[in-house]
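To start, the structure itself, in structure tokens.
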Amino acid sequence: MGPSLKMKKRLKYAVLVAVIASFSVVMCNLVNISVFQYGFYTAKANSNQYRPETIPATRGSIYDRNMQTLASSKTAFDVNLSPRDIGEKDKLAIVKGLAAILEMDETTILDKIDQNANKLYVNIKNRIEEETEIKIRDFIVENGYTDEIYLTENTKRVYPNSTLAASVIGFTGTDGGLYGLELKYDSILSGTPGYTVSLKDARGENMPDTNEERYDPVNGSSLVLTIDETIQHFVEKTLTKVMAQHNPNEGCAAIVMDVNTFEILAMANMPTFDLNDPYTIYDPELAALVDAAASDEERLQALRDARGAQWSNKCISYNYEPGSTFKLITASAALEEGTSSLNSTFHCGGVIKVADRDMKCHIYPRAHGTEDFTHAVVDSCNPSFVQIGANLGSARFYKYFESFGLTEKTGIDLPGEGRSLYKTEADLKSTVALASCSFGQSNSITPIQLITAVSAVVNGGYLGTPHVVKDVLDDKGNVIQSVQPEVRHQVISSETSAVMRTIMETVVTEKPTTNAYVAGYRIGGKSGTAQKLFKSEKNLYVASYIAVAPIDDPQIAVLCLVDEPTAEGQYYGSVVAMPPAAAILADTLPYLGISPKYTAEELEIQNVTMPLLLNMSELDAETKLSSVGLGKPEIIGEGDTIVRQVPSVGSSIPKDGKVYIYMDSSESRSLTVPDVRGMRPSAAISRLKGMGFNVIVEGATANDESSQITLQDLPVGDSVPVGTVITLTSVEFYSD
């Protein structure tokens, strides 16, 4: 007997319910997928079908104030593989070929392929050089690896001057700026990358008849700095000589600042490093510490420390006791408050007792006796400044320490600026603390703080914010932002500032051999020498010198700092740091168009510029030399016209110098450069002239027997032609 009608109806209802239920489930899933999870599944589909490729933005350039390029970007390429497309038979050949061209370990490349076997993209190396790029392209074409290996466009940062202003400019890494201005202004320089999107098939290849979507990158903006490339070269050239002459344990640094706009014209540190290869340790002593590490862990830490030291910008991060350069701040405060005047007198007995402490003058056991305010500064007398500080008092001293910006960062637009370490107003209630702070001990500040404060001393009293960026340009070169000079407040009156300029000039004119005297220019300056107390058993010092020029119309300030000079007995600021400051001024002032104005005495001893004598007759040459104040030349060889001359055209020669002219191709007479450092000027001149050198002495006259030679511009042992000009720097040896 078959199923009844009632049973058939029940079956139909059950099937219908099942169909409806199944349909409902399907519909719910469709709604869920197409509506509620639309974004998830669309993204998943796109990730399988679309391959976006990044188009890097061109990073903005960095220029000096005259639009000389300091940093730029050029097109480079990244090497990528498609592991999914690499067959087993080609894997080893690809690995070996790429490893050889890219100078990489084969295992590294092989691991990347094996660990990403199902992927269409894995990066092998970024920003390869053009020569390497060509080799890679040839390798692809020759072996038919167009699916397996491909290059994508990128950019590479290039620093055309390698080491110039390295600690200021900084450098970049894979993810952007890592140090210096490259880091500080990374968001402005980097721009926004673009990308292309194209539809791919299951093998990751472009599908036919589909359009590629392109989103163009937005290139980064560029920076125009206040730095002047030429002045920066002057500074770094000079500091290189300081390193060779004094071999400072902790290097040296210098800043050149416009005292009115607070623009940094130059900022340098030595030793330096190559911006194109910043991870290599260039200081032999730092490299030796890394090599001496006993374990891998210690070596890694030593490498981190060495790189940190190499990249450090001493000009803005280093804390040091400024020594006697700080007396300019104490003196300004005392004059402004009226607690001392130019008519005030102080007694120096060589030592002054403060509480239970004996504070010595730098000339102890000698003494300055009674002297006025100006000569307390000129003589850099500590006992006098103890009295000046005591008259000023703790509250007023701290008021001006703070007002000169020394309790806070300057706000310079560079990363890594350090903070000062100083005695608070409460600390200064101790007479010993106030006394030592008054002459530049106990408080530690940074070089950028000091030069900013001294700029306020001379510019009419205005404290400003130093900066290294002048303009921001868009990618078409239009100025979109300019940095204007920022005056924070007036610290001292214009009248006090004028008096301080006069005092600073007196420091130089009364003791030119120990200060930054430059013939034809009015200079103001002050030296400083501070013992590093935490290393006092080794008698190590920080020597510094700050100069302003022209002091009657201040334009620039120069600060030089030499940290732990090791040349025997040479550590005073006036001996170690003054000559480089003077050399920087001598180069920079004429470059800036500031013309010298010589006194009658300076004209009398002024050097002359060697004229062109080549192809002249002997008689014509004598006439030419006479017209510039030089005597008869020494004739070498026989002939009708001059074929060679020493000194060379354009070089400076003293008026009593000797010129050697060659009338034929006779071999040059040669001299071996002796070492005259440490000698008195007269003895050095006598020895060198007797050998056949022409001699120029900077900083002292030949009869100034209170001085000695500290620097010579020709390396000891070099062989040079007879008549070569050697320039000596002489300073008073025992001075602060």
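The values are calculated or read from the model by the stated rules, or taken from the named source; none is laboratory data. This structure is a prediction, so every number in the text was calculated from the model and none was measured. Note that each Cβ is placed from the backbone with ideal geometry, even for glycine, and that neighbours are counted across all protein chains shown. Protein only, heavy atoms only, side chains kept; ligands, DNA and RNA dropped before computing areas. Shrake-Rupley method; radii C 1.70, N 1.55, O 1.52, S 1.80 Å.
Quick notes on this one:
- Search result, residues across the range 210-259 that are of a type in the set (Val, Ile, Thr) and either in contact with a strand residue (DSSP E or B) (Cβ under 6 Å, 6 or more places away or on another chain) or open to solvent by 80 Å² or more (accessible area, probe 1.4 Å) (or both): THR210, VAL218, VAL224, THR226, ILE231, VAL235, VAL242, ILE255, VAL256, VAL259
- Exclusive hit being open to solvent by 20 Å² or more (accessible area, probe 1.4 Å) and either outside any strand (DSSP E or B) or free of Cβ contacts under 8 Å to residues at least 40 places away in the same chain (or both), set LEU151, LEU164, LEU120, LEU181: LEU120
- Selection of the range 569-610 for residues being of a type in the set (Asp, Glu) and without any contact (Cβ under 8 Å) to a residue 12 or more places away in the chain yields GLU601, GLU604.
- Taken over the range 632-667, the criterion of being under 13 Å from ASN694 (Cα atoms), open to solvent by less than 40 Å² (accessible area, probe 1.4 Å) and either in contact with an Asp or Glu (Cβ under 8 Å, 6 or more places away or on another chain) or outside any loop (DSSP other than H, G, I, E, B) (or both) is satisfied by PRO633, VAL646, ILE653, VAL659, TYR660.
- Only residues that are part of a helix (DSSP H, G or I) and either free of Cβ contacts under 8 Å to residues at least 24 places away in the same chain or closer than 30 Å to GLN606 by Cα (or both) were counted across the range 479-497, and they come to 1.
- Residue that is modelled with the lowest pLDDT, among those in the range 668-715 that are open to solvent by 50 Å² or more (accessible area, probe 1.4 Å) and in a strand (DSSP E or B): GLU698
- Candidates GLY393, GLY405, GLY464, GLY416 - the one that is under 19 Å from VAL491 (Cα atoms) and surrounded by fewer than 18 Cβ atoms within 10 Å (Cβ to Cβ): GLY393
- Here THR506 passes the criteria (1) more than 29 Å from the chain's Cα centre (by Cα); (2) at pLDDT below 95; (3) surrounded by fewer than 18 Cβ atoms within 10 Å (Cβ to Cβ) except the one numbered (2).
- Some residue of the range 340-348 being of a type in the set (Val, Ile, Thr), touching a strand residue (DSSP E or B) at 6+ places or on another chain (Cβ under 6 Å) and surrounded by 18 or more Cβ atoms within 10 Å (Cβ to Cβ): no
- Restricting attention to the range 294-318, the residues that are surrounded by 15 or more Cβ atoms within 10 Å (Cβ to Cβ) and part of a loop (DSSP other than H, G, I, E, B) total 3.
- Only one of the listed residues (GLU417, GLU425) is over 32 Å from the mean Cα position of the chain (by Cα) and not in a helix (DSSP H, G or I). That residue is GLU425.
- For first residues located in the range 209-237 and within 26 Å of ASP186 (Cα to Cα) and in a loop (DSSP other than H, G, I, E, B), partners that are of a type in the set (S, T, N, Q) and at pLDDT 95 or above and lie 6+ apart or on another chain with Cβ distances below 7 Å form the pairs ASP228/ASN66.
- Residues in the range 167-178 that are open to solvent by 50 Å² or more (accessible area, probe 1.4 Å) and touching a helix residue (DSSP H, G or I) at 6+ places or on another chain (Cβ under 8 Å): none.
- Residue check, ALA71 modelled with pLDDT of 80 or more, of a type in the set (A, V, I, L, M), in contact with a Phe, Trp or Tyr (Cβ under 6 Å, 6 or more places away or on another chain) and open to solvent by less than 80 Å² (accessible area, probe 1.4 Å): yes
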